[in-house]
Amino acid sequence: MNTTRNDVLGIDVSKKKLDLALLINGKLKAKVFDNTSAGHRALVTWVRDSKASLPTLHICMEATGVYYEAIATTLHAEGFKVSVVNPACIKGFGLGENIRNKNDEIDAALIARYCAAMSPDPWTPPPLEQRQLRAWTLRVQSLKDIRQQEENRIEAHIVAGLRDVADNVAEHIKWLDAEIKKLQDEIDDHIDRHPGLKNDAALIASIPGLGATTVARVLGHLGDIRRFKSAKAFAAFLGLTPKQRTSGTSLKGRTMVSKTGNTSLRAALFMPSMVARRHNPILRQFAERLLANGMAKRAVISAVTHKLAHLIYGVIRTGKPFDANYLHKNLAIQDGI
């Protein structure tokens, strides 16, 4: 077998199935498997029985919700080189190829060609404790969303004079409060049981404006933040970096955040940014200066969120708690940090 070839396998992941496109020496072979444990085992067997150069085979897929995680983890455990790519990158690559049609088979082939052309970085599955933490934090957020819906319903029932229905909703809200409290306690215990999570949680919590709920969501979604090479790379992963739209003299669009990262995590940082703007000495002074320079209030919050991401990265990378005096002295709260 020729082990110098760089064969690639593109996988288009959906809830129920996996569409494969195996690219060997420019020739494409398609296959479909169920997105189940049995389907994953069959996929591995099919790949091993193929004519691909297994030692150098590069497998690529998009980060589609949670549906990619099981197959990506399985393939990684089997010793394959696996990359999980932001869907925006695949979409942009497809636009460059002027692709007009879209279906699962076409998407799998596009992912394979992207993998061959761009050679994305390998993916490493997050440890079990991080995946558990993420699942628990998402569960808490789901219950909070339901609670807010019930709050809206109880108000409507009271206005309509349906007090008995409102009382029933109120009982449900009490149950939700108890469940949320129980899960939050479990999350705290989970973090305490894992020294790595506990240490990072303490560092992030030292930043004024960040509470236990936000800390848990950040760690659950991101795990070891040290894997990012810089604060800018970390902010870009979150989709918090500025996106300019200017070209020549004809296009002068408004600069905004890119929003190409984790939507849930950006939302989780929004309210803490509002709090940090008032109570974090670094971010308060930063926001006041931007407002004095005429920046719109909404844009200031986005800038504060971006700066907050830099602070999170800073305390993790240095291993030192937040210190406003240190930052004032060494960083002078410059806009570029």
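See the values below:
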item: Charge dipole (the chain, unit charges on Cβ, about Cα centre) - positive-most of Ala70, Gln149, Ala205; result: Ala205
item: Residue of Asp107, Asp34, Asp167 that the Gaussian network model of the chain assigns the largest fluctuation, springs spanning Cα pairs under 10 Å; result: Asp167
item: Neighbourhood charge, 10 Å Cβ-Cβ cut-off, centred on Ser264 and excluding it, Lys, Arg +1 and Asp, Glu -1; result: +3
item: Loop-located GluC sites (Glu not before Pro) in segment 126-201 whose Cβ has at most 14 other Cβ within 10 Å (DSSP); result: none
item: Rg/Rh ratio calculated on Cα atoms of the chain (Kirkwood radius); result: 1.03
item: Accessible surface, the chain, averaged per residue in Å² (probe 1.4 Å); result: 55 Å²
item: Cysteines in the chain lacking a second Cys C-beta under 4.7 Å; result: Cys89
item: Within the chain: Cβ-based charge dipole about Cα centre, in debye rounded to nearest 20 (Lys, Arg +1; Asp, Glu -1); result: 1340 debye
item: For the chain, with +1 on Lys and Arg beta carbons and -1 on Asp and Glu, the positive-most of Gly220, Ala324, Val159 along the dipole; result: Ala324
item: Alpha carbon centroid spacing (whole Å) that separates segment 40-114 from segment 159-178; result: 48 Å
item: Spacing of the two label points (7 Å from each Cα toward its C-beta) at Asn25 and Asp192, in nm; result: 6.2 nm
item: Pairs beyond 24 Å (Cα-Cα), from Lys144/Lys307; Lys27/Lys91; Lys198/Lys297; Lys27/Lys102; result: Lys144/Lys307; Lys198/Lys297
item: Share of carbon and sulfur in the accessible heavy-atom surface of the chain [1.4 Å probe, %]; result: 53 percent
item: Where GluC sites (Glu not before Pro) fall in DSSP loop in segment 5-97, at most 12 other Cβ within 10 Å; result: Glu97
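The values are calculated or read from the model by the stated rules, or taken from the named source; none is laboratory data. This is a predicted model, so every value here is computed, not measured. Backbone-built Cβ (ideal geometry, glycine too); neighbour counts: all protein chains shown. These area figures cover heavy atoms from the full protein model, side chains too; ligands, DNA and RNA do not enter into them. Shrake-Rupley method; radii C 1.70, N 1.55, O 1.52, S 1.80 Å.
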